[in-house]
Amino acid sequence: MIAIYPGSFDPITLGHLDIIERGCKLFDQVIVAVLRNPSKSPLFTVQERIEQISLSTQHLSNLEVDSFIGLTVEYAKLKNARVLLRGLRVLSDFEGELQMAHTNETLWNEIETVFLATSNEYSFLSSSVVKEVAKFGGSVAHLVPPQVALDLCRCYTETPLE
Ligand code: ADP
């Protein structure tokens, strides 16, 4: 069974990585799919995010990293996948995630969304939190894979705060 883990991953955090590693134990193949979203202005380009994810997941043999544009269910069909993998942190995640799962089901009734509860230590962790800490010079080494910590450091050193 193939599962797609779609998201922005701007950048990937240890919370995402935890979901990916657990997903790889549950499914034959997991595809981490970076959404190319023209209406968002991300910190990292899609190519940079793909590289960050690939570098952080070299130990996982049943993982593919890709990007997509458009409807997630159409991408899932293309990849022959019937499962969408998503993570749940706090109650506020639930509403949006449930709405998305129901919408996707109306678009293709063969799709199932599987939610994994965050591991306790990552329940507060999001890409935005990481960017906020890094922007003000805080260490993010305990929040993101090593390559991402370096990229964030470089990013905010090259673009100092006004
Ligand atoms: P999106 O813009 O689609 O929400 P994100 O990259 O923010 O993309 O998140 C992708 C998925 O990973 C979402 O299902 C989100 O709830 C989940 N996720 C993000 N951070 C964590 C975390 N710390 N623990 C568990 N799941 C997480």
Compute the long axis of helix 14-26 from its Cα atoms, compare it with the longest principal axis of the Cα atoms of the chain, and write down the angle in degrees, 0 to 90, nearest 10. 30 degrees
Mind jotting down the distance between the C-alpha centroids of the range 115-154 and the range 1-61, whole Å? 14 Å
Computed helical MRE - 222 nm, the chain, DSSP H runs ≥ 4 contributing -39500 (n - 2.57), nearest 500: -13500 deg cm²/dmol
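Suppose every K and R has +1 on its Cβ and every D and E has -1 on its Cβ; what is the size of the dipole of the range 2-122 about the Cα centre, in Debye to the nearest 20? Kindly include the intermediate steps, with their values, before the conclusion.
Values: 10 positive and 16 negative charges, 25 e Å.
Around 120 debye, computed over the range 2-122.
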Using alpha-carbon coordinates alone, the radius of gyration and Dmax of the chain in Å work out to 15.7, 50
Could you work out how far helix 146-158 tilts from the main Cα principal axis of the chain, as a 0 to 90 degree angle to the nearest 10? 50 degrees
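Where a number appears in this text, it was derived from the coordinates with a stated rule and is not lab data. Please read these numbers as outputs of a predicted model, since none were measured by experiment. FYI the Cβ positions are ideal-geometry reconstructions off the backbone, even for glycines, and counts take in every protein chain you see.
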